[in-house]
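Let me begin by presenting the structure, written as structure tokens, before commenting on it.
Every number in this text was worked out from the coordinates using simple rules, so none of it is lab data. Only a predicted model underlies this, so the values are computations on that prediction, with no experimental measurement involved. Every residue, glycine among them, receives a Cβ derived from its backbone with ideal geometry; neighbour counts consider all protein chains shown.
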Amino acid sequence: IKEYVAAVKGITDSYEIVRTIHDKLIKDVDYARKSNGQPEDALWAHSVAGVFDGNKAVVCEGYAKTLQYVLNELGIENIYMTGRADGGAHAWNGVKVNGEWLYIDATWDDAGDSAVKDIGLLYSYFLIPASLFTKSHKVNTPSKIPAMSESSEYTFYARYSCDFTKIKSVDEARTQLVAAGKSVPGQYIYALVTANTQGYLSQANGGLGVGIKTTDGNSVFFIDATKYKVKFPAVKIQLSETEMEIDRKKKKK
């Protein structure tokens with residue numbers, strides 16, 4: 001617990017706290033499976049023990065109970081939920097962020113170590129609008145839950161990366177890529193597109209790499225943010241009528 005609390009030291013925004021804990025949990029553990037590939041049925045995999053006792057592996061209950069436990073320690077209001085998802089028993093959380101209740105499913109956001117290494121973390125079920133989340137999830141317990149928010153403001157793609165679903169030109173796509181490159185946490189820009197706007201993004205970026213389908217039928221493409229970050233920021237430049245040439249690669253003598 002001390003490690004998780006230390007990970008959010010100095011962070012005051014509830015969204016940032018939840019995102020940081022979500023990310024750390026996914027990076028720390030794997031989905032627990034038996035030797036035959038089926039989900040682990042041992043008790044430790046269904047509780048916080050699977051995260052903290054050295055196994056570093058849990059099933060959905062372990063993800064959701066750990067998220068609840070840590071957020072309780074941090075004073076962030078949340079709910080542990082169980083129900084059905086894609087026809088099977090499942091567990092996830094509701095979290096209160098800046099006064100609004102949103103769903104979060106850390107289990108389904110964990111695509112495994114190889115995916116995290118190749119394309120970064122996924123946020124497909126992270127604080128998305130309730131109507132999208134409930135397309136695949138049905139709550140059974142608790143019997144009464146708060147009114148869940150329909151806001152898309154808190155989805156990772158809208159808040160930190162690029163929502164390309166409304167762009168109308170290649171130039172707009174270029175502008176958003178540059179803006180995102182300066183602000184996204186981590187290496188990747190998560191570019192959310194529709195079938196109609198994907199072409200604009202592809203032209204602006206000189207092609208697209210790996211993409212995934214989102215819960216609302218759109219797609220997210222993972223783009224290297226480093227190519228859009230400013231590597232040589234200017235503090236102050238003053239120009240006169242005299243011609244000036246700047247060589248950024250030339251070292252000072």
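Between Lys229 and Lys182, the modelled labels are 1.5 nm apart [label points 7 Å from Cα along Cα→Cβ]. If only the Cβ of Lys and Arg carry +1 and only the Cβ of Asp and Glu carry -1, the dipole of the chain around its Cα centre is close to 820 debye. In the stretch 1-98, what % of DSSP beta bridges are antiparallel (nearest 5)? In the stretch 1-98, approximately 80 percent of DSSP beta bridges are antiparallel ones.
Backbone phi angles across the stretch 103-117, fed through the Karplus curve with coefficients 6.51, -1.76 and 1.60 (θ = phi - 60°), yield HN-Hα couplings of 7, 8, 10, 5, 4, 6, 7, 8, 8, x, 4, 5, 5, 4, 5 Hz in residue order; Gly and Pro are listed as x. Considering only Lys227, Lys27, Lys117, the Gaussian network model of the chain with Cα springs below 10 Å gives its largest mean-square fluctuation to Lys117. Each of (1) 1.05; (2) 1.48; (3) 1.17 is a candidate for Cα Rg over 2.2 N^0.38 Å; the one calculated from this structure is (3).
Note on the chain: GNM, Cα springs under 10 Å; of Gly112, Gly209, Gly83, the largest mean-square fluctuation is that of Gly209.
Taken about its Cα centre, the stretch 68-202 carries a charge dipole of roughly 260 debye when the Cβ of each Lys and Arg holds +1 and the Cβ of each Asp and Glu holds -1.
When the C-alpha to C-alpha distance is required to be over 21 Å, the pairs from Lys9/Lys96; Lys117/Lys166; Lys56/Lys213 that qualify are Lys117/Lys166; Lys56/Lys213.
Using θ = phi - 60° in the Karplus curve 6.51 cos²θ - 1.76 cosθ + 1.60, the 3J(HN,Hα) couplings for the stretch 171-187 round to 4, 4, 5, 4, 4, 5, 4, 5, 5, 5, x, 7, 10, 5, x, x, 7 Hz; x is entered for Gly and Pro. Taking Cα atoms only, the orientation of helix 60-73 departs from the longest principal axis of the chain by about 70 degrees. Estimated purely from DSSP H runs of n ≥ 4, each contributing -39500 (n - 2.57), the mean residue ellipticity at 222 nm for the chain is -8500 deg cm²/dmol once divided by its residues.
Between Asp23, Asp41, Asp113, the GNM of the chain built on Cα springs shorter than 10 angstrom shows Asp41 fluctuating the most. Counting only DSSP beta bridges with both residues in the chain, the antiparallel share comes to about 85 percent.
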